[in-house]
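The values are calculated or read from the model by the stated rules, or taken from the named source; none is laboratory data. For clarity, every value in this text was computed on a predicted model and none was experimentally measured. Virtual Cβ from ideal backbone geometry, glycine too; neighbours counted across all protein chains shown.
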Amino acid sequence: MTLFPSLPKTAHLADVFKAFPDQVRPLLAYHDALLRGDSPLSVAERELIAAFVSGLNACSFCFGAHKVYAEAFGVEEGVLDALVADIDAAPVDDRLKPLLRYVAKLKDLPPKLTADDAKAVYDAGWSEQALYDAIQVAGLFHLMNRIIEGTGVTFDYAANPPSAADMEERKTRSYSDFGKTIGIE
């Protein structure tokens, strides 16, 4: 789908970033700080939240990309598809489910969040910092999903699965490194 005539017919996020580079560096730095910096949530959990939110938003590009990252960091294959279908039935640690319900509610019903929603997260053993980090990941991916969908990015990760070497490389590559590979210093 071509929404921006200057982009290729099957545009990738790299094409968008190269075409509109001005705000990309700080955006990628925020990705690095949030998804790779210190947090009570593991990198796998943060990537799982990124993919989960993207799946709820039906953003196939971000769902596919961050599903790959989540799996590279140890999330079992199939877990994210199961989460998007039904949090309660998904094969994830029960401790994660209140956190995932909270970020799912942010998608459509943020004014309806209650003290009980937060209490469920705390009762599962998460700190305020963990909840805040999850909220930030969800917020970032609501933004990224709109950028992807609004510009017509169509790269299909399911049709273009990464190699085993690429999966390993993802464990060490920062988001800013991605920017550098496409010429955004």
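Observations on the structure shown:
- Of all residue pairs spaced 6 or more apart or on separate chains, those with beta-carbon atoms under 8 Å, a first member in segment 39-54 that is farther than 14 Å from Gly74 by Cα and a second member that is among the acidic types (Asp, Glu) and surrounded by fewer than 24 Cβ atoms within 10 Å (Cβ to Cβ) are Ser39/Asp133; Pro40/Asp133.
- Verdict on Phe4 being touching a residue at least 12 places away in the same chain (Cβ under 8 Å) and not in a loop (DSSP other than H, G, I, E, B): no
- Tally of residues being under 14 Å from the mean Cα position of the chain (by Cα), basic (Lys, Arg) and over 19 Å from Leu48 (Cα atoms) across segment 136-185: 0
- Restricting attention to segment 19-29, the residues being more than 12 Å from Thr151 (Cβ to Cβ) and touching a residue at least 12 places away in the same chain (Cβ under 8 Å) number 5.
- Subset of segment 106-123 (residues that are in contact with a Leu (Cβ under 7 Å, 6 or more places away or on another chain) and surrounded by 16 or more Cβ atoms within 10 Å (Cβ to Cβ)): Val121
- Single residue of segment 143-176 satisfying the filter (in a loop (DSSP other than H, G, I, E, B) and among the hydrophobic types (A, V, I, L, M, F, W, C)) that is modelled with the highest pLDDT: Val153
- Pairs with Cβ under 6 Å, 6+ apart, first in segment 104-122 and of a type outside the set (A, V, I, L, M), second assigned to a helix (DSSP H, G or I): Lys107/Leu56; Asp117/Tyr102
- Whichever residue in segment 157-179 is among the charged types (D, E, K, R) and in contact with a Phe, Trp or Tyr (Cβ under 8 Å, 6 or more places away or on another chain) and, among such residues, is surrounded by the most Cβ atoms within 10 Å (Cβ to Cβ): Arg170
- Taking segment 34-90 as the range and being among the hydroxyl-bearing types (Ser, Thr, Tyr), over 22 Å from Glu168 (Cβ atoms) and surrounded by fewer than 23 Cβ atoms within 10 Å (Cβ to Cβ) as the test, the residues that pass are Ser39, Ser60.
- Residue satisfying condition, being among the charged types (D, E, K, R) and either in contact with a Gly (Cβ under 6 Å, 6 or more places away or on another chain) or not in a helix (DSSP H, G or I) (or both), within set Asp38, Asp32: Asp38
- Residue that is farther than 13 Å from Gln136 by Cα and at pLDDT 95 or above, where the choices are Phe61, Phe52: Phe52
- One residue from Asp88, Asp81, Asp116, Asp133 being in a helix (DSSP H, G or I), among the charged types (D, E, K, R) and over 16 Å from the mean Cα position of the chain (by Cα): Asp116
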